[in-house]
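This report refers to the structure that appears directly beneath it.
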Amino acid sequence: MAIVACAFGLIGYGSVWYPINLLAAAALPSMAHADLAQLKVFDGMAFFIALISHGAISILVGLLFAVLLPMFPSRRAAFWGSLTSPLFWSALVWSTLRFVNPALNARIDWTWFIASQVVFGLVAGYVVHHTKPVETMQTWPLAARAGLEVPGLLQEKTQSDEGEWQ
């Protein structure tokens with residue numbers, strides 16, 4: 001997301017600091033009331049606030065991705081999650097931004113914003129698709145998750161000599 005947002009600032013406004021300062025405007029009144037010239041220059045406090053905000057937002061978007069992923073058919077889950085998570089997140093931001101960060105809401109370019117979300121989704125989908133799945137209790141039958149000890153309900157897993165689970 002950050003790379004696309006900074007590309008937007010560089011292409012649209014000639015400064016990578018423009019989107020960073022806008023993101024910080026939610027917590028810094030000086031950035032919320034800044035003019036275009038001020039938004040285009042580096043501000044240490046704004047950078048720190050934007051870094052923290054970006055980290056929190058990335059975690060929230062990643063959590064949204066993780067929650068939505070199991071709801072899709074397993075054959076193309078990463079692909080569909082890559083598209084729907086950014087769209088859901090963009091819809092949430094669009095509906096709440098005027099309350100959270102009016103300065104950003106007044107200046108946001110939604111095409112670039114959604115593009116940055118989709119890029120994040122595609123990268124997250126690629127990473128998820130190429131990551132070894134971790135077995136969880138979600139795939140177990142209800143009786144096993146409830147703690148019922150029924151013979152044959154779950155197959156016992158053993159570790160082979162090569163260290164792989166079977």
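Summing Lys, Arg as +1 and Asp, Glu as -1, what charge do residues with Cβ under 14 Å from the Cβ of Phe8 carry, Phe8 excluded?
Overall, the nearby charge balance is +1.
Given axes a ≥ b ≥ c from the Cα gyration tensor, I'd like to know whether the chain is rounded (a/c under 1.5), prolate (a/b larger than b/c) or oblate.
Prolate, because a/c is 1.5 or more and a/b exceeds b/c.
In what sequence, highest mean first, do 116-126, 38-48 appear when ranked by Cβ atoms within 10 angstrom?
Put in order of decreasing packing, that is 116-126, 38-48.
Would the range 1-51 count as rounded, prolate or oblate if I go by the C-alpha gyration tensor, calling it rounded below 1.5 in a/c and otherwise prolate when a/b exceeds b/c, oblate otherwise? Write out the running numbers ahead of the final one.
Values: a/c = 2.04, a/b = 1.34, b/c = 1.52.
Oblate is the answer for the range 1-51, as a/c is 1.5 or above yet b/c matches or exceeds a/b.
Quantify, in whole percent, the carbon and sulfur part of the accessible surface of the chain (1.4 Å probe; protein heavy atoms only).
68
Counting alpha carbon pairs within less than 8 Å and at least 6 residues apart, what relative contact order, in whole percent, applies to the range 25-150? It would help to have the intermediate numbers written out before the result.
Numbers: 80 pairs, mean separation 33.3, N = 126.
Taking the mean separation of contacting Cα pairs over the length of the range 25-150, I get 26 percent.
Per residue of the chain, what 222 nm ellipticity follows from adding -39500 (n - 2.57) for every DSSP H run with n ≥ 4, rounded to the nearest 500? Could the numbers behind the result be given before it?
Numbers: 9 runs with 107 residues, N = 166.
Value at 222 nm, helices only, nearest 500: -20000 deg cm²/dmol.
Rolling a 1.4 angstrom probe over the protein heavy atoms, how many square angstrom per residue are accessible across the chain?
Heavy-atom accessible area per residue stands at 67 Å².
Given the Cα-Cα distance of Arg76 and Glu149 and 0.36 nm per residue of separation, how much length would full extension add, in nm?
Numbers: separation 73, 0.36 × 73 = 26.28 nm, distance 3.42 nm.
Full extension of this stretch gives 22.9 nm more.
With +1 on each Lys and Arg Cβ and -1 on each Asp and Glu Cβ, how big is the dipole of the chain about its Cα centre, in debye rounded to the nearest 20?
The dipole of the chain has a size of about 540 debye.
The values are calculated or read from the model by the stated rules, or taken from the named source; none is laboratory data. It should be emphasised that the depicted structure is a prediction, and the values quoted were computed from it without experimental measurement. Please note: Cβ atoms are built from the backbone with ideal geometry, for glycine as well, and neighbour counts cover all protein chains shown. Ligands, DNA and RNA are stripped out before the accessible areas are found, and what is left, the full protein with its side chains, is counted by its heavy atoms. Shrake-Rupley method; radii C 1.70, N 1.55, O 1.52, S 1.80 Å.
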